[in-house]
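What follows is a set of notes on a single structure, which appears directly below.
The values are calculated or read from the model by the stated rules, or taken from the named source; none is laboratory data. Only a predicted model underlies this, so the values are computations on that prediction, with no experimental measurement involved. We place every Cβ from the backbone using ideal geometry, glycine too, and count neighbours over all the protein chains shown. What goes into the accessible areas is simple: the full protein's heavy atoms, side chains included, and nothing from ligands, DNA or RNA. Shrake-Rupley method; radii C 1.70, N 1.55, O 1.52, S 1.80 Å.
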Amino acid sequence: MYNFSVRYHDGRLSIAHDATLTLMPDHWLIHYRDPSGELTSVRWTLPGIVTDENFSHLFIFRFGEFPQQTIECKDGNLPESLKKRYPERPFFKRRVTDIFKLNNTAIAGVAFTVLMLIGLGYWFGLPWLAGAVAARFPTSAEIKMGDTMYENMIRAYEVDDQLTAKLNDFAKAIDFKTNYPIRVTVVTESDANAFALPGGNIVVFEGILRKMKTKEELAALLAHEVSHVHYRHSLRNIFRSLGGYLFLSLLLNDINGIVTILADNSNALANLTYSRELETEADSKGMDVLQSNGIRLQGFVDLFALLQSEHGDVGSLKLLSTHPLTGERLRAAEMMVRGQKGVVANRELEKYWQVIAAAEHK
């Protein structure tokens with residue numbers, strides 16, 4: 001069957017003609033009657049015919065220079081006839097709408113595959129992309145973002161200005177091996193907690209200071225949190241949490257948009273947890289900092305013991321926990337302590353610690 005009913009447009013007038021399309025060996029022949037009733041024939045050579053891709057069951061072809069002639073055909077047998085008549089010339093590419101011609105089982109299979117790909121992209125692609133973007137993100141922009149988060153988040157706390165000044169003096173006596181500007185803030189909260197924001201801001205809860213007994217514990221806490229800053233762990237977590245919004249802003253080069261997103265979500269982002277891998281990396285870097293400063297690594301053992309007594313150990317949830325077990329980290333620190341050498345007395349650090357301890361235990 002090589003004859004089909006079509007609608008023909010000559011490209012010059014808006015009138016559409018009912019016509020017959022005949023598939024000849026080397027051309028198409030279109031017959032129609034013009035407005036005067038005269039039978040008219042139009043010849044389309046094969047090289048000049050262009051298929052108009054669309055998302056419906058209407059087959060459209062165009063021919064010639066502008067304004068182009070057009071034919072429209074609704075006959076579902078046309079594609080198969082074209083394939084038989086002109087096997088060497090593909091008129092159609094597989095279209096998205098062809099999916100809907102499949103049976104229910106095939107559609108379900110396609111849907112399942114798409115969902116699997118989306119899931120793999122979310123669980124594996126997004127974390128990898130978040131890390132890659134965080135690694136290349138400008139440091140100046142990261143510091144600006146961190147300051148914005150800090151300014152919006154700190155309003156929810158009461159800052160102890162005197163203790164903050166003392167703790168910053170303590171921090172300046174340690175070489176943290178980072179180029180980030182480290183700024184510590186003490187807030188009057190009873191929880192044994194602390195967290196780091198992108199760019200160098202670290203918030204320490206007064207509750208954890210009250211429970212510390214040595215300067216090494218405090219040095220370990222700060223070294224651990226600074227390591228999160230140094231390795232951009234907070235930035236990576238933020239990109240993972242708000243990946244869709246942030247990546248769109250990055251694609252559009254909209255730094256202001258990123259800052260706005262962070263400002264709106266500062267309090268929630270400050271409570272993001274780190275993965276086992278990131279916590280372990282921060283422990284390792286923190287221990288290197290203490291060792292290079294000649295500070296006893298026993299501070300990490302005491303810090304983990306303190307945290308374990310306050311927050312417990314998730315025990316049976318080891319495989320599901322977002323944090324490495326405190327017990328595991330404690331044992332790793334104990335192994336490092338046994339091999340430590342080069343501990344030195346740091347009178348300046350001891351002096352600042354005594355001031356902090358006196359303020360906390362009075």
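Brief remarks on what is shown
- Criterion applied to 93, 74 was being modelled with pLDDT of 85 or more, open to solvent by 30 Å² or more (accessible area, probe 1.4 Å) and out of contact with any Phe, Trp or Tyr (no Cβ under 6 Å at 6 or more places or on another chain), and the one residue passing it is 74.
- Per-region count, the stretch 338-354, residues β-branched (Val, Ile, Thr) and surrounded by fewer than 15 Cβ atoms within 10 Å (Cβ to Cβ): 1
- As for the stretch 161-183, it holds at least one residue that is hydroxyl-bearing (Ser, Thr, Tyr) and farther than 26 Å from residue 284 by Cβ.
- Residues of the stretch 171-186 satisfying the condition of being among the aliphatic types (A, V, I, L, M) and part of a helix (DSSP H, G or I): 171
- Top-ranked residue of the stretch 144-170 - restricted to ones that are loosely packed, with under 14 Cβ neighbours inside 10 Å and in a helix (DSSP H, G or I), ranked as nearest to the chain's Cα centre (by Cα): 151
- Every residue from the stretch 171-193 that is under 19 Å from residue 288 (Cβ atoms) and crowded, with 17+ Cβ neighbours inside 10 Å: 171, 173, 174, 176, 180, 182
- Inter-residue pairs, beta-carbon under 9 Å, first under 17 Å from residue 229 (Cα atoms) and in the stretch 140-162, second in a helix (DSSP H, G or I) and modelled with pLDDT of 85 or more, 6+ apart: 146/229
- Selected residue [free of Cβ contacts under 8 Å to residues at least 24 places away in the same chain, touching a Lys or Arg at 6+ places or on another chain (Cβ under 8 Å) and loosely packed, with under 13 Cβ neighbours inside 10 Å] from 58, 29, 13: 58
- If you go through the stretch 32-46 and keep only what is farther than 14 Å from residue 10 by Cα, open to solvent by 40 Å² or more (accessible area, probe 1.4 Å) and either in contact with a Leu (Cβ under 8 Å, 6 or more places away or on another chain) or at pLDDT below 90 (or both), you end up with 36, 38.
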